[in-house]
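Step one of this worksheet: look at the structure below.
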Amino acid sequence: MLNNVNLGARVLERSTAFARYLQMLRQFTTISSAIAELDAADRKRIGLTALAELTRAQVVGPIESAPTEPNWQVEAAIAFARVRSQQPTVRVAGIKRWLVAAYRATFDSPYGEIQSLHRGVLRALRNMHGTNPTVTEVQLARSA
């Protein structure tokens, strides 16, 4: 009986992870298109600020006052809604926030497809801040 419960929990966890992956993959396709529409200076600025936010060390006090880790899936969904805005500044902020949230949501996943999405997010960030100057806008949009 206990094995059936564990198996059911694993199947549910795997199904949930796959559904989240599909949602984020769809979002990543839209984000890639939005990035390709930006000019090079905006792409570089977004990429550098997103990387700076990712590398910023989190200072945590005593365990009682440690901030709770945000749900990065929810953060990505909120940022994705901003990307669809008509206002350019809101759109740019949404792209940056989505990249950070997607990086954190896909980091250290045990599932291959989510790891692949994580590599796609890393590739997009790397291409945005210019470490690979030979990448064209079309390749950036197809990096999913």
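Name the pairs: first residue in the stretch 6-23 and basic (Lys, Arg), second residue surrounded by 12 or more Cβ atoms within 10 Å (Cβ to Cβ), Cβ to Cβ under 7 Å, at least 6 apart or on different chains?
ARG20/GLN73
Any residue in the stretch 44-55 that is at positive phi sitting within a Cβ distance under 6 Å of a residue that is modelled with pLDDT of 90 or more and among the acidic types (Asp, Glu)? List the pairs, counting only those 6 or more apart or interchain.
Matching pairs, first to second residue: none at all.
Out of everything in the stretch 97-125 that is within 9 Å of the chain's Cα centre (by Cα) and among the charged types (D, E, K, R), what residue ends up being modelled with the lowest pLDDT?
ARG104
Among the numbered conditions (1) at pLDDT 90 or above; (2) surrounded by fewer than 10 Cβ atoms within 10 Å (Cβ to Cβ), tell me where ARG20 comes up short.
Failed condition: (2).
For the structure I just gave you, tell me whether ALA34 is without any contact (Cβ under 8 Å) to a residue 12 or more places away in the chain and either in a helix (DSSP H, G or I) or within 20 Å of the chain's Cα centre (by Cα) (or both). Write out each step before concluding.
Numbers: without any contact (Cβ under 8 Å) to a residue 12 or more places away in the chain: no; either in a helix (DSSP H, G or I) or within 20 Å of the chain's Cα centre (by Cα) (or both): yes.
Criteria not met by ALA34.
The values are calculated or read from the model by the stated rules, or taken from the named source; none is laboratory data. This structure is a prediction, so every number in the text was calculated from the model and none was measured. Virtual Cβ from ideal backbone geometry, glycine too; neighbours counted across all protein chains shown.
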